Amino acid sequence: MTYEYEGKTEKEAIEKAASELGLEKDQFDVEILESQKKSLFKNGYVKIRVHTVDSQNQVSSEFDGKISDSVSRAVVSNPMPQDEFEQKLVDFTKTVVEKMGYEVAVEIMFREDRKIGIKLTSSSSSILIGRKGKNLDALQLIVNIYAGHLGREDVRVILDTENYRIRREESLVRLAYVTADKVRQKKTSMLLEPMNPFERRLIHTTLNDIADVETKSEGDGLYKQVRVIYKGVR
């Protein structure tokens, strides 16, 4: 699988990739996509593409097969809006992105009970995603507020582009299992990077059934950190 990361230096981008994928630096290959050296008027900038080969084999056999199961989701056969509510969501999302200055195509990605996915296709996807998905999260919040104004507070809207959500979920589930392995081996605890509520919940849920490991959120504000703790067998 391939992923893309950015940093002020090549080292920073690689460290970010290792942290988010839950892998050691020698467990993936790196391709430099863009590089800009720091100057008097410009900050340094490096964009890399990370290639992982069968990276799930880096996780202990106890967790084999669980990663893909945790992020499976049915894709709709008809991406066109099926009712007035879906049409208004699509139109609103497209209008907001275009007013931001970016061209975009919008369609329905999936339909589940009290949940609907919207797919954005744009040449500016990396900007719409933002650092660690924060731009996409903000846009998703706006669309969910709009859904509430339409009287559908019961429906959660998920926005995605370039399969970022799926890739992010896969990397977080993998990170959760790898971290669980590490804390069990060292009989200690590890603090993960700051995450939004959905991402933290994914970590908690992924490790919830592991008897000798527990998790808790630490910090204040929206982006808290999850601590994975070895508690032993009781």
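Taking the Cα centre of the stretch 84-162 as origin, work out the dipole magnitude from +1 charges on Lys and Arg Cβ and -1 charges on Asp and Glu Cβ, in debye rounded to 20.
Values: 12 positive and 13 negative charges, 57 e Å.
The dipole of the stretch 84-162 has a size of about 280 debye.
Measuring from centroid to centroid over Cα atoms, what is the spacing of the stretch 171-234 and the stretch 122-150 in Å?
Between the Cα centre of the stretch 171-234 and that of the stretch 122-150, the gap is 26 Å.
Whole percent per 5 Å bin, from 0 to the bin with the longest distance: what is P(r) over all C-alpha pairs of the stretch 166-234?
Each 5 Å bin holds this share of Cα pairs: 3, 19, 31, 25, 14, 6, 1, 0.
Largest first and to the nearest Å, give the Cα extent of the stretch 84-162 along each principal axis.
30, 22, 19
First measure r as the distance between the Cβ atoms of ILE32 and SER123, then evaluate 1/(1 + (r/R0)^6) with R0 = 25 Å and state the FRET efficiency to the nearest 0.05. Each step should come with its number before you reach the end.
Numbers: r = 21 Å, r/R0 = 0.85.
Rounded to the nearest 0.05, the efficiency is 0.70.
Give me the compactness ratio for the stretch 151-202, meaning the Cα radius of gyration over 2.2 N^0.38 Å.
1.49
Would the stretch 115-160 count as rounded, prolate or oblate if I go by the C-alpha gyration tensor, calling it rounded below 1.5 in a/c and otherwise prolate when a/b exceeds b/c, oblate otherwise? Write out the running numbers ahead of the final one.
Working: a/c = 2.69, a/b = 2.09, b/c = 1.29.
Prolate shape, in that a/c is at least 1.5 and a/b is the bigger ratio.
Taken together, the values in this text are just the output of simple stated rules run on the coordinates, not laboratory data. Remember, predicted model here, so these are calculated numbers, not experimental data. Quick reminder, even Gly has a Cβ in these numbers, built from the backbone with ideal geometry, and neighbours come from all protein chains shown.
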